[in-house]
Amino acid sequence: MDQNDFRSLQFQSLRREIESLQTRGFWVVFVGLLGTPALSLFLLNASTPVWLALPFFVLGLIVLFLAQQHHMMRAGRFIRENIEKATASEVGWEEWLESRPELRVFDRHSSACFMIIFFAYYFFAIGLAMRRLVVEAASDPSGIYWYGVYGAAIVYLIATIWGFSTLFHHWKSSMSTAEDAKGGPAK
């Protein structure tokens, strides 16, 4: 197999991967936007404390969405840096797209909107879970359930800090093929 055939196969494989990542990203958003309210209603009416896990379900969706974006941009970055530069005498798709930042504005805005909605769901789920914990703790005269309230608050705080730090650390690399994994300019 010669170099051009190999690059062609790489390109086709990466484009298929990008298409599958877009499909999975759509389903993450779909499940997040429609499934989270339905799951919230179901879990908050449950008699067992499974509803404590609802914020982690939403946080997991946030991370899955960010991961799909990041993997898609990484495949695009490889196409731009390794396949297009090595084969094309003309400007390739990824290079053309990155040379026009206005074409990535919608990507950043729609991703930001989903993140805002997901984090709103996340904080709402934390609020509902904490409210239910407080109600249960207040109804117990021994006061032992207050430890659960404090413990859950600490765990949710740690998860929130981790979620935001993951988002801020990977935001640039999940929105553009012009940035490397560390957020600096690509070489």
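The values are calculated or read from the model by the stated rules, or taken from the named source; none is laboratory data. Predicted, not measured: the structure shown is a model, and the values here were computed from it. Using ideal geometry, Cβ is built from the backbone for each residue, glycine included, and neighbour counts are taken over all protein chains shown. Just so you know, the surface numbers come from the protein's heavy atoms only, side chains and all, with ligands and any DNA or RNA stripped out. Shrake-Rupley method; radii C 1.70, N 1.55, O 1.52, S 1.80 Å.
Structure notes:
- Of all residue pairs spaced 6 or more apart or on separate chains, those with beta-carbon atoms under 8 Å, a first member in segment 124-153 that is free of Cβ contacts under 8 Å to residues at least 40 places away in the same chain and a second member that is of a type in the set (S, T, Y) and open to solvent by 60 Å² or more (accessible area, probe 1.4 Å) are E136/Y145; A137/Y145.
- Screening the candidates V63, V58, V29 for the property of being part of a helix (DSSP H, G or I) and farther than 30 Å from E136 by Cβ yields one hit, V29.
- Count of segment 110-127 residues which are more than 16 Å from L64 (Cα to Cα) and either small (G, A, S) or surrounded by fewer than 18 Cβ atoms within 10 Å (Cβ to Cβ) (or both): 5
- Scanning segment 42-55 for residues that are free of Cβ contacts under 8 Å to residues at least 60 places away in the same chain, part of a helix (DSSP H, G or I) and either more than 30 Å from L133 (Cα to Cα) or aliphatic (A, V, I, L, M) (or both) yields L43, V50, A53.
- The one condition in (1) open to solvent by less than 60 Å² (accessible area, probe 1.4 Å); (2) within 30 Å of D5 (Cβ to Cβ) that L39 fails to fulfil: (2)
- Scanning segment 1-14 for residues that are in contact (Cβ under 8 Å) with a residue 60 or more places away in the chain and either outside any helix (DSSP H, G or I) or of a type in the set (K, R) (or both) turns up just one, R7.
- Some residue of segment 77-91 being under 24 Å from F124 (Cβ atoms) and among the hydrophobic types (A, V, I, L, M, F, W, C): no
- Evaluation of V63 against (1) open to solvent by less than 30 Å² (accessible area, probe 1.4 Å); (2) under 30 Å from L128 (Cα atoms); (3) hydrophobic (A, V, I, L, M, F, W, C) (one fails), failing number: (1)
- Any hit, segment 75-98, residues being under 30 Å from G151 (Cβ atoms), aromatic (F, W, Y), in a helix (DSSP H, G or I) and touching a residue at least 40 places away in the same chain (Cβ under 8 Å): no
- Qualifying residue in segment 150-160 (condition: assigned to a helix (DSSP H, G or I), open to solvent by less than 30 Å² (accessible area, probe 1.4 Å) and modelled with pLDDT under 90): no
- Residues that are in a helix (DSSP H, G or I) and at pLDDT 90 or above within segment 136-147 comprise A137, A138, W146, Y147, listed in sequence order.
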